[in-house]
1. Which condition number in (1) under 25 Å from VAL266 (Cβ atoms); (2) open to solvent by 50 Å² or more (accessible area, probe 1.4 Å) is the one that VAL345 fails?
2. Can you go through PHE23, PHE64 and tell me which one is modelled with pLDDT of 50 or more and not acidic (Asp, Glu)?
3. What are the residue pairs meeting all of these: first residue in the range 389-418, first residue assigned by the TED database to the domain that holds ALA362 and more than 28 Å from VAL237 (Cβ to Cβ), second residue of a type in the set (Lys, Arg) and surrounded by fewer than 22 Cβ atoms within 10 Å (Cβ to Cβ), Cβ atoms under 8 Å, and 6 or more apart or on different chains?
4. Which condition number does CYS469 fail, the rest of (1) modelled with pLDDT under 95; (2) more than 22 Å from GLY77 (Cα to Cα); (3) open to solvent by 40 Å² or more (accessible area, probe 1.4 Å) being met?
5. Tally up the residues in the range 90-104 that are without any contact (Cβ under 8 Å) to a residue 24 or more places away in the chain and under 18 Å from GLY325 (Cβ atoms), please.
6. Within the set of pairs 6+ apart or on separate chains, which have a first residue in the range 139-168 that is closer than 17 Å to MET302 by Cβ, a second that is β-branched (Val, Ile, Thr) and in a helix (DSSP H, G or I), and C-beta atoms under 6 Å apart?
7. What is the one condition in (1) in a helix (DSSP H, G or I); (2) over 19 Å from ASP228 (Cα atoms); (3) of a type outside the set (Gly, Ala, Ser) that PHE158 does not satisfy?
8. Please enumerate the residues belonging to the range 278-300 that are open to solvent by 10 Å² or more (accessible area, probe 1.4 Å) and either hydrophobic (A, V, I, L, M, F, W, C) or outside any loop (DSSP other than H, G, I, E, B) (or both).
Amino acid sequence: MAEKIIMFFRYYVPRFLCPNLSFRISRPSNRHYHKLNHNDTQTQVSVKQKPSSFITDTEIQSEFSHHAPGIARINNGSFGCCPASVISSLHQWQLKLLRQPDDFYLNELPNGILESRTVIKDLINADDVEEVSIVDNVSTAVAIVLKQTAWSFVEGKFDKGDAVIMFRCTYGAVKNSIKAYFLRAGGYAIEVPFNFPVTSNEEIVNEFKTALRREKGIGRRVRLAVIDHVTCMPSFVMPVKELVKICKEEGVEQVLVDAAHAVGCVDVDMNEIRADFYTGNLYKWFFCPPAVAFLYCRKSVMTHLDLHHPVVSHDYGNGLVKETGWVGTRDYSPYLVLPSVMEFVNRFEGGAEGIRNRNHDAVVEMGKMLAEAWGTNLGCPPEMCSSMVMVGLPACLGVLSDEDAMKLWELLCKKFSVEVKIHYQNPKDGELAPITGYVRICHQIYNKFEDYCRLRDAINQLVRDGFNCGNLEIMRPEEVGPTNDR
């Protein structure tokens, strides 16, 4: 009875006290989940705000006032951002741990992780919260999936020479995991090429289908496909639903979608994508502090695969959800702020979808502005862009290698206070006057028009000064800091 009274005051009294808000059914806190039936845990949270309560531009800037001043941060895709209200929640969780660690680890942590997993389940439209595990990074999730493929070779379930198929643009850390687990165990890697700039989804689909059928035609057994949802460099949105469908039709046993950039950046729906595994970071485009990510495993797959966290701890063998929920004493606070992130996201008109649309439209507009200013082009059609766009750089800058791209990145950061990723693109055979340098610009809600003007003017100044990457020495790594995230 006491629990019912608490729920009444928490979920129904606000209807009378807050007449300016209209409510749909809300789910109760996860601390009550063990006393509720299964259907109750599936209920989604949605608060529909009226326009007067939406966040203002001034409030947005206040939420990110901790950002270093004077820096054009247009590289949100690499390390993300976290608003002040979520940072406050993070600190509160950290204090709970430090104040009474026994109670925190035994009671607060399991309940908090369940609540965050439920938020993720709703975000990605999974069928069951048990399909969702929280991890620290996509790299960890990829290791979980690839580790079981390595054991499949050892135990004779896979044969030497069985293959994994991926695109050439697969993220470097993921390729290294494939080397460490799949190839070292006896597997073979198929890398699918594609031309960039990209003009249509059909190009990607046809290249993938051709490579897959060619390998099958020579008797190759393809055990695993690794597919990006939003590629890193060069960046564009993959036709992931079509690619997963092809894999299923062609007999690929397992499909892993690397969606490091997806949640908060594009629409994500597990029942439409139909992948066996899907993993995404939540600190890049969904306002979480680093580092928190998730691994979705379709329930039908989990029943016959032996999945384990690469860090073995006390819950080994008790199921992946249990193993990922405890990997030793550490700060789990980033895992626990998802409800606070949802509160922040719901302050925007349209919620997460509204933010995605706003960022997409803005980054395309800024990309077109830069391309016109530099006399170049976008790397893909607007409909294949997420909240990131590739824009061609003037050829006279001489970006002719990955090292040149790094030189230009360093120069823009150190001399012009512009944080942005630079990509070197191999020219096509016989291509005349190719654009080999591209800049990847991002748009997040804190960005302003002036950020992109600073990048535009910096490149224009370099062109006027006759700058060429071939005449610039690369800086030492300690002078520029970490550069290896997406």
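The values are calculated or read from the model by the stated rules, or taken from the named source; none is laboratory data. Keep in mind it's a predicted model, so treat the numbers as computed, not measured. Ideal geometry is used to build each Cβ from the backbone, glycine not excepted, and the neighbour counts take in all protein chains shown. Each accessible area value is taken on the protein alone, full model and side chains, heavy atoms only, with ligands, DNA and RNA left out. Shrake-Rupley method; radii C 1.70, N 1.55, O 1.52, S 1.80 Å.
1. (2)
2. PHE64
3. Note: pairs meeting the criteria are PHE416/ARG454; SER417/ARG454.
4. For CYS469, the failing item is (3).
5. 5
6. VAL142/VAL174
7. Unmet condition: (1).
8. Those that are open to solvent by 10 Å² or more (accessible area, probe 1.4 Å) and either hydrophobic (A, V, I, L, M, F, W, C) or outside any loop (DSSP other than H, G, I, E, B) (or both): ALA291, LYS299, SER300.
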